[in-house]
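What follows is a single structure, written as structure tokens, with notes after it.
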Amino acid sequence: MTHQPLITVLIPTYNCEQYVQEAIQSVLDQTYTHFECIIIDDCSTDATVDIIKTFDDPRINLIVKPKNSGYTNSLNYGLTIAKGKYIARMDGDDISLPNRFEKQVHILEQNDEIVVCGSIFKLIDTDTIIQAPEYHEQIKTGLLKDSCIGHPTAMIKASVLQQHNINYNTAYEPAEDYDLWVRLSQVGQLHNLQEVLFLYRVHDNQVSITKKEIQRKSASLSRFNMLSQLDFDYSEFEKQAYIKQFSFTERLNFKELKALINLNNKALKANSSGLFDSKKLITIIQTFQTEAINQYFKANSMYSPKYIGELKEISQLTDVNFSFSEKVKLYIKALIFFNNNKV
């Protein structure tokens, strides 16, 4: 008689022949053994599939897609066939430490309100440990800055995904996990165990490396979606200015800078509802807003009298100001430009 597994381990693979054997073995070596392991290969052109086939374990279900359709599509297909109560994420180049599943199952079984459980993790071949906030309120506010949950460290309650019709949004690839955490944060609590249960590999072929600019733009939209839960009115121009700033690829022009500040001011007022920790929200907004202001006023090689007026206008919109010495430097540069260019 076949029993339904408590955990579905979901592993998408593509051309990871160097690491996939160690990754799968780390799953099979778990102290908690009541799982199925669905491996979905996206038409690898190396020996990845052959290596996977060397494992003789009935818990492994290898699916080789007929054509390459992308990482996120593999994840979504895996969700449709998963039998487990919990979905444990894993990539074909990482390592789960032996007690990972045991620790995460314990937390999820004991806390009905928690819908996702991740952990802090260590970078392979380094001494670097990637920290993450532990509790939901900390993670919720942290999502205004970055993803906060390491995707391959996560274990997710399958029933919550099904009940709320939530899956991975392909439009957000390769930051599809960030978007998932934002949406799940609205229907349950997120949690990170404060012990290293996972080893994460960094290498040149990772999607996060090869598609870094696309990932930044996608992540910036997820940040905005998290902020917009405050339910305030904003224009499309203000939204795009916010996304552009958080993409870290282009500097804002003056009109966009003002739009960003206006949006931030609206968000701070809307947070009277207490959705986010007010002090942390102010710190996050001021940090990135100051960076945007500095980028605009300091990045220009040419200065004209207009910058004096713009500086005053920005000062009226925000409490984030340049120091006195910084203002003096800008004024001097503007005056020098004026003297050198007057008729």
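The values are calculated or read from the model by the stated rules, or taken from the named source; none is laboratory data. These numbers come from a predicted model, not from an experiment. Because the Cβ atoms are built from the backbone with ideal geometry, glycine has one as well, and the counts that use them run over all protein chains shown. Heavy atoms of the whole protein, side chains included, go into the accessibility calculation; ligands, DNA and RNA do not. Shrake-Rupley method; radii C 1.70, N 1.55, O 1.52, S 1.80 Å.
Structural remarks
- Close pairs (6 angstrom Cβ cut-off, 6 or more residues apart or separate chains): among the acidic types (Asp, Glu) in the range 3-32, open to solvent by less than 10 Å² (accessible area, probe 1.4 Å) anywhere: 17/48
- Where strands (runs of 3 or more DSSP E) fall entirely within the range 39-156, those with at least 2 residues that are under 19 Å from residue 200 (Cβ atoms) are at 86-89, 114-119, 121-123.
- Within the range 215-236, the set of residues being in a helix (DSSP H, G or I), open to solvent by 90 Å² or more (accessible area, probe 1.4 Å) and not basic (Lys, Arg) comprises 236 only.
- Filter result (surrounded by fewer than 23 Cβ atoms within 10 Å (Cβ to Cβ) and polar (S, T, N, Q)) within the range 237-251: 240, 247, 249
Residues are listed down the side, and each one gets a yes or a no for (1) in contact with a Phe, Trp or Tyr (Cβ under 7 Å, 6 or more places away or on another chain); (2) among the aliphatic types (A, V, I, L, M):
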residue	(1), (2)
134	no, no
137	no, no
141	yes, no
150	yes, no
163	no, no
166	no, yes
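- Members of the range 1-33 that are assigned to a loop (DSSP other than H, G, I, E, B), touching a helix residue (DSSP H, G or I) at 6+ places or on another chain (Cβ under 9 Å) and within 30 Å of residue 107 (Cβ to Cβ): 6, 16, 30, 31, 32, 33
- Test: residue 311 is part of a helix (DSSP H, G or I) and modelled with pLDDT under 80: yes
- Within the range 56-69, residues that are surrounded by fewer than 13 Cβ atoms within 10 Å (Cβ to Cβ) have Cβ atoms under 7 Å from residues that are assigned to a loop (DSSP other than H, G, I, E, B) in these pairs: 67/43, counting only partners at least 6 apart in sequence or on another chain.
- Taken over the range 158-168, the criterion of being outside any loop (DSSP other than H, G, I, E, B) and surrounded by fewer than 20 Cβ atoms within 10 Å (Cβ to Cβ) is satisfied by 158, 159, 160, 162, 163.
- Looking across the range 169-200, the residues that are part of a loop (DSSP other than H, G, I, E, B) and modelled with pLDDT of 95 or more come down to 169, 185, 186, 187, 188, 194, 195, 196, 197.
Yes/no matrix, rows are residues, columns are (1) over 22 Å from residue 159 (Cα atoms); (2) modelled with pLDDT of 95 or more:
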{"residue": "59", "(1), (2)": "no, yes"}
{"residue": "63", "(1), (2)": "yes, yes"}
{"residue": "70", "(1), (2)": "yes, no"}
{"residue": "74", "(1), (2)": "no, yes"}
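- Qualifying residue in the range 51-58 (condition: closer than 12 Å to residue 92 by Cα and in contact with a strand residue (DSSP E or B) (Cβ under 9 Å, 6 or more places away or on another chain)): yes
- Qualifying residue in the range 252-267 (condition: in contact with a helix residue (DSSP H, G or I) (Cβ under 6 Å, 6 or more places away or on another chain) and open to solvent by 80 Å² or more (accessible area, probe 1.4 Å)): no
- Within the range 221-230, one or more residues are within 29 Å of residue 95 (Cα to Cα) and at pLDDT 90 or above.
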